[in-house]
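Quick notes on the structure that follows.
The values are calculated or read from the model by the stated rules, or taken from the named source; none is laboratory data. Here the structure is a predicted model, which is why all the values come from computation and not from measurement. Neighbour counts are summed over all protein chains in view; Cβ atoms, including those assigned to glycine, are modelled from backbone coordinates with ideal geometry. Calculation scope for accessible area: heavy atoms of the full protein, side chains included, ligands and nucleic acids excluded. Shrake-Rupley method; radii C 1.70, N 1.55, O 1.52, S 1.80 Å.
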Amino acid sequence: GAVASRMVGQRVIHWFERLIQAIPLVETVYSAAKKLVDVLRQKDGGHSQRVVLVDFPSPGLKAVGFVMRVFTDARTGEELAAVYVPTAPNPTSGYLQVVPLARLTPTEMKGDEAMTMILSGGAVTPDHISIAPRELPLAAAK
């Protein structure tokens, strides 16, 4: 039964994706959202902390963000992070910010905890969250 339901489910998903691909603008949005969700579902792969707090929408206010990539500023040599800040309750829309590593606040949250917090609009949060700054161990995430 489980194998049959899994096969039927996969066929339904495949059929749905083929239908979406036939609609040009919808396919573009769907494929981008699907890629984003796939990236957010990936395990950290040994990288340091990926869930951070970032000043957004203004200094002093914090939003949950996902470090997608760490890189070096071509002119200054400063370490920067590409941080995706999803909107609640729809994490497939959000903001991409390029932020100096020193301005990020690391968290102890796992990706699934952060996504649950975002999807619930903050109604479900981890028991312990701090917005106090501390050293960010992201340099190894390059």
Test of understanding: among D55, D73, which residue is at pLDDT 80 or above and either within 25 Å of I131 (Cβ to Cβ) or touching a Cys at 6+ places or on another chain (Cβ under 6 Å) (or both)? D55
I'm trying to understand the selection: among the residues of region 78-96, which are in contact with a Gly (Cβ under 7 Å, 6 or more places away or on another chain) and part of a strand (DSSP E or B)? V83, Y84, V85, P86
Being open to solvent by 60 Å² or more (accessible area, probe 1.4 Å) and not in a strand (DSSP E or B) is the requirement here; does A114 meet it? no
If you go through region 1-42, how many residues are at pLDDT below 70, more than 26 Å from the chain's Cα centre (by Cα) and open to solvent by 100 Å² or more (accessible area, probe 1.4 Å)? 1
Only one of G45, G60, G65, G94 is open to solvent by 40 Å² or more (accessible area, probe 1.4 Å), of a type outside the set (F, W, Y) and either within 22 Å of I131 (Cβ to Cβ) or at pLDDT 95 or above (or both), namely G60
Within region 76-91, track down each residue that is within 23 Å of S130 (Cβ to Cβ), open to solvent by less than 20 Å² (accessible area, probe 1.4 Å) and hydrophobic (A, V, I, L, M, F, W, C). A81, V83, V85
